[in-house]
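Quick notes on the structure that follows.
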């Protein structure tokens, strides 16, 4: 079996205070899937095994498979081989997408997949059914939205490798963030703007990433990537997630490809955005 694990963009990311119960930051974010995706081959094996070249330590997909077994999943042992196409530690949710893809293997056979996903990581619940979504809390509150009008993205990932925990720690050091009331108000505005299927190019005033100052403090070259996309003519330029990937949005793939060439960057990735369709 071949399945895809799609990358995602944070079209915006608004940071709230830490929850006293979980210790995690409250978030308000708009996630959208990309055509860019890891490819995962699933086959029979003598014992459960997850293989992913280029990822050190235990893979979150292996944790997902183990969690399914702990919740009583009885399918015979599997070998899960992940071919990475989504840059690692780049703010694109590749690892979370891999974990969600493994959880989807047990859809209809294991109850409570949403709860299992939330235990694995903040980005995993939204990836169970990749779609444009408003994400609240620590990632566990997911509101599906209509597919947006077609558009495309240029990604400049800078090699990835920026740890999410380090960015959030720097955000705390800089005292970044907003009040819960402000997050609620932003969520309502996002639901109104995105709820009718508009392209994010139609509501750029709502697209902002509160983690950008922290990420740029740790990786100053992020600013160079953002500037390169602006010079290339991107109508909307932003940092996704905790970085370091900068992205620009365009009306279509043709415009995105032209802009990618104008950046002169060898890390540029062009892909369709807004729908989890066949991998590009």
Check your understanding: Could you list, in sequence order, the residues of region 34-62 that are closer than 22 Å to residue 115 by Cβ and either at pLDDT below 95 or crowded, with 19+ Cβ neighbours inside 10 Å (or both)?
Key -> 50, 58, 59, 60, 61, 62
**Study point:** Residues (closer than 25 Å to residue 37 by Cα, touching a strand residue (DSSP E or B) at 6+ places or on another chain (Cβ under 9 Å) and not in a strand (DSSP E or B)) located in region 67-83
**Key:** 77
**Study point:** Matching entry among 225, 234, 280 (being more than 29 Å from residue 179 (Cβ to Cβ) and modelled with pLDDT under 95)
**Key:** 280
Practice item. State the number of residues belonging to region 30-56 that are under 15 Å from residue 105 (Cβ atoms), touching a helix residue (DSSP H, G or I) at 6+ places or on another chain (Cβ under 8 Å) and in a strand (DSSP E or B). Key: 3
Check your understanding: How many residues does region 57-66 hold that are assigned to a loop (DSSP other than H, G, I, E, B) and under 20 Å from the mean Cα position of the chain (by Cα)?
Key -> 2
**Study point:** Residues that are touching a residue at least 24 places away in the same chain (Cβ under 8 Å) and assigned to a helix (DSSP H, G or I), drawn from region 186-199
**Key:** 186, 187, 190, 191, 194
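The values are calculated or read from the model by the stated rules, or taken from the named source; none is laboratory data. All values derive from a computational prediction rather than experimental measurement. Methodologically, a virtual Cβ is constructed for each residue, glycine included, from the backbone with ideal geometry; neighbour enumeration extends over all protein chains shown.
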